[in-house]
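Worksheet: the structure to be examined is printed underneath.
Just so it is clear, none of the values below were taken in a lab; they were calculated from the coordinates. Note that the structure is a prediction, hence the values are computed from the model and not measured. Quick reminder, even Gly has a Cβ in these numbers, built from the backbone with ideal geometry, and neighbours come from all protein chains shown.
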Amino acid sequence: MIVNGIVVQKYSDNSYKGIDGSGFSENTAQNWFLNYEEDAADCFEAFYDENIGKTYWDLSDHTWIAACNDMDYIYNYIKEAEKRNIKYRLLLCETDVPDPKFDCPDFKKIFLGYDYAYAAGDNYSAVYNEIPFVFSQFRLNQYGLFQTREEIEEYIAEREQFKLTHPPLTLEEGDFVVFRLHEIFL
């Protein structure tokens, strides 16, 4: 897998620790949360649009993950979050998607597991949104993720079979990617 970069995620007290960052409530995480803060968005949103979230504007581009490989931007982002007393976490993302590439410093990190989510935007996760409701036969680790690549591949195969035998759009359709995730500490 290719180390793509870091996603800054607003901390949430949720047992799921994956890449899904679509939440706007206290119980769910939000990716790149300063982009939604009116007085901070001017500082961060333009760089995000040009360098991180560019697949949002071109969903046909299957060669990019919405992760940051610029440590100066990451340091500025977390400095601003700390100034605002916003708790955050940093997710190191690895996928089979070729870009961006991140020459990862030697961070202290904790392996979280494997997720299956959109490459862009809020990184909607099929694992987070489907396992408890549709595929409850699968067991997830303590972070709400698959522990091994083999386990997530088994889930993806089962998901594809389910789509063949159920009405269209029963499951979310999209540009899903397997993520190997670590939480990192600077």
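List of remarks:
- Computed lengthening from Tyr36 to Leu164, 0.36 nm per intervening residue step minus Cα-Cα distance: 42.3 nm
- Building the convex hull from the alpha-carbon atoms of segment 96-168 and averaging its projection over directions returns 6.6 nm².
- Among Val7, Val178, Val127, Val134, a tally of other beta-carbon atoms within 10 Å of each Cβ gives an order, fewest to most, of Val134, Val178, Val7, Val127.
- Cross-link pairs Lys79/Lys108; Lys10/Lys79; Lys54/Lys87; Lys54/Lys163; Lys17/Lys163; Lys10/Lys163 - those with Cα-Cα distance over 24 Å: Lys54/Lys87; Lys54/Lys163; Lys17/Lys163; Lys10/Lys163
- Gain on full stretching of the segment that runs from Phe107 to Asn129 - 0.36 nm per residue minus C-alpha separation: 5.0 nm
- Relative intensity of the chain on a log10 scale, I(q)/I(0) at q = 0.15, 0.18 Å⁻¹, equals -0.87, -1.24, per a Debye sum over C-alpha point scatterers of equal strength in the absence of solvent.
- Extension gain, Cys43 back to Tyr11 (0.36 nm per residue minus Cα-Cα distance, nm): 9.4 nm
- The modelled label-to-label distance between Asp175 and Lys79, using points 7 Å beyond Cα along the C-beta direction, is 3.2 nm.
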